[in-house]
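A.B. asks: This structure is in structure tokens; I'll ask about it shortly.
Every number here is computed from the coordinates shown, using simple stated rules; none is lab data. No experiment lies behind these values; they were computed from the predicted model shown. Don't worry about glycine lacking a Cβ; one is built from the backbone with ideal geometry, like all the others, and counts go over all protein chains shown.
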Amino acid sequence: MIGAIEDFRGALLAWFDVHARSLPWRDDVSPYRTWVSEIMLQQTQAATVIPYYRRFIARFPTVQALARAPIDDVLKLWEGLGYYRRAHHLHRAARIIVERHGGRVPQDESALLALPGVGRYTAGAIRSIAFGQPAPVMDGNVKRILARLDDLTESIDLRETEKRLWARAAELLPANRPGDFNQAMMELGATICQPAAPRCDVCPVADFCLARARGVQTQRPVRTPKQRIPHYHVAAGVVWHATDPDRFLIAQRPVGGMLGGLWEFPGGKQEPGEALPQTLARELQEELAIQVAVGDKFTQVKHAFTHFRITLHAFHARHLAGEPRCIGVDDWRWVTLADVDSFAFARTDRAIIAALRNESSPRFS
């Protein structure tokens, strides 16, 4: 890094004072609001988080209100934001904070790290932003900036490189205004020092950047090549009631699993050699102990998760036999289209609901 650390800090903070975005969690800072926003911002852009954050704080203005709420209410407010484990972690952590910390978000690092969903980065953000403690942070934005500042040729995915980056972040962090400095680093990465096309011409710390000086800023950071992301085909069923043509079956996913606690149109992953209707019939038998007649496919939805992608194929089906049982699900309900807005669904299942509402042909033939 070219130049003095003090000059770097001064240039970055002066830029932040002028160009910091107005974000709701910055307008009214508290340990609770900082914690909620940082959990929501994990792997999610600020523009996406803003409306969810506002609704969440309006509904749960205090940690006590969040701790008292049923998890279904929390998931419903989280619906569409993704990475639903974060919502479970917030809810569990709120109850721990009320039970063990008198309803106050702790400022001690070890106490923060003991909360579900709080890692070193989130603990550092809460400590520095909400409590003014000199704790460094390390998210994707900060990693990218530091890799360019020091022109790191090693992959930032390696454990040794990460240790080096944490040490560098701690070295740069000022004792005065640590929260503003950390936010300035993240702001710089989000708006200026972007991954594919860094805006070096307007960067307030461009003169300190070794990668820019050497003309390799677009080649930094170095990443370990990713493995091929697997793709799966999944069959889901809108299972219509045998005697009530307006009602269909929804199931609640196990709380401890992926998308835990959300409701869905039941089904599962296609096995080798299976036709999709066979997949659906098998999964409904295994998860709910019911037999169905599988009808037409009426929509499909493609979706990318962190480590895999799916194509979800939705079929109409008619319930033939078997009272639904909670074998591979936590709960089940017979509902109408008018009922579904009361339940929290993943984005893929919301797409199925939209397709159902747009259908003009018979539901099952």
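A.B. asks: Can you spot the lysines whose alpha carbon is less than 27 Å from K302's alpha carbon? Ignore those fewer than 8 places along the same chain.
C.D. replies: By straight Cα distance, K302 reaches K76, K226, K269.
A.B. asks: Given axes a ≥ b ≥ c from the Cα gyration tensor, I'd like to know whether segment 305-365 is rounded (a/c under 1.5), prolate (a/b larger than b/c) or oblate. Don't jump to the answer; show the numbers that get you there.
C.D. replies: Working: a/c = 1.42, a/b = 1.07, b/c = 1.33.
Rounded is the answer for segment 305-365, as its axis ratio a/c remains below 1.5.
A.B. asks: Report the antiparallel proportion of the DSSP beta bridges in segment 212-365 as a percent, rounded to a multiple of 5. The partial results should precede the final answer.
C.D. replies: Details: 22 of 33 bridges.
Once the DSSP bridges in segment 212-365 are tallied, antiparallel ones form about 65 percent.
A.B. asks: Same structure again: Please find, in a Gaussian network model of the chain (springs between Cα atoms separated by less than 10 Å), the residue of G267, G257, G80 whose mean-square fluctuation is greatest.
C.D. replies: G257
A.B. asks: To continue, here is another question. If neighbour count is taken as other Cβ atoms inside 10 Å, put S128, S110, S155 in order from fewest to most. Show your work: numbers first, answer last.
C.D. replies: Values: S128 23, S110 8, S155 15.
Ascending number of Cβ neighbours within 10 Å: S110, S155, S128.
A.B. asks: Compute the long axis of helix 140-149 from its Cα atoms, compare it with the longest principal axis of the Cα atoms of the chain, and write down the angle in degrees, 0 to 90, nearest 10.
C.D. replies: 30 degrees
A.B. asks: Moving on to the next point. Expressed as a whole percent, how much of the Cα-Cα distance distribution for segment 5-219 exceeds 27 Å? Let's see the in-between values first.
C.D. replies: Numbers: 7695 of 23005 pairs.
Here the long-distance tail beyond 27 Å is 33 percent of all Cα pairs in segment 5-219.
A.B. asks: Going by C-beta contacts inside 10 Å, put S37, S342 in order with the fewest on the left.
C.D. replies: If I rank by nearby Cβ atoms, fewest first, I get S342, S37.
A.B. asks: Using amide H atoms built in the peptide plane, which far-off residues or other-chain residues are under 5 Å from A344 H to H?
C.D. replies: Answer set, sorted by chain and number: W263.
A.B. asks: Could you work out the pair-distance distribution P(r) of segment 102-197 from its alpha-carbon pairs, with 5 angstrom bin width and percents rounded to whole numbers?
C.D. replies: 2, 14, 22, 23, 20, 11, 5, 2, 1, 0
A.B. asks: Highest GNM mean-square fluctuation, the chain, Cα pairs closer than 10 Å: which of A58, A46, A125?
C.D. replies: Comparing A58, A46, A125 in the GNM, the peak value goes to A58.
A.B. asks: Taking the chain as a Gaussian network, where each spring joins two C-alpha atoms under 10 Å apart, which residue of F345, F305, F131 fluctuates the most?
C.D. replies: Of F345, F305, F131, the Gaussian network model singles out F305 as fluctuating most.
A.B. asks: Taking other Cβ within 10 Å of each residue's Cβ, how do L337, L284 sort, fewest first? If you can, show how the numbers build up before the last one.
C.D. replies: Details: L337 12, L284 28.
Fewest-to-most Cβ neighbours within 10 Å comes out as L337, L284.
A.B. asks: Angle, helix 276-288 long axis vs. longest principal axis of the chain, Cα atoms, 0 to 90°, nearest 10?
C.D. replies: Once rounded, the angle reads 90 degrees.
A.B. asks: Determine the distance separating the Cα centre of segment 1-59 from the Cα centre of segment 294-365; give it in Å without decimals.
C.D. replies: The two parts, judged by their Cα centres, are 38 Å apart.
A.B. asks: I need the shape label for segment 231-358. Rule: rounded when a/c is under 1.5, else prolate if a/b > b/c, else oblate, with a, b, c from the alpha carbon gyration tensor. Working shown, then result.
C.D. replies: Details: a/c = 1.26, a/b = 1.15, b/c = 1.10.
Rounded, because the longest to shortest axis ratio a/c is under 1.5.
A.B. asks: If you compute Cα Rg over 2.2 N^0.38 Å for the structure shown, which of (i) 0.97; (ii) 1.18; (iii) 1.02 do you land on?
C.D. replies: It is the one labelled (ii).
A.B. asks: Hey, another quick one. Take every DSSP beta bridge with both residues inside the chain and express the antiparallel ones as a percent of the total, to the nearest 5. Don't skip to the answer; put the middle values down first.
C.D. replies: Values: 22 of 34 bridges.
DSSP beta bridges in the chain are roughly 65 percent antiparallel.
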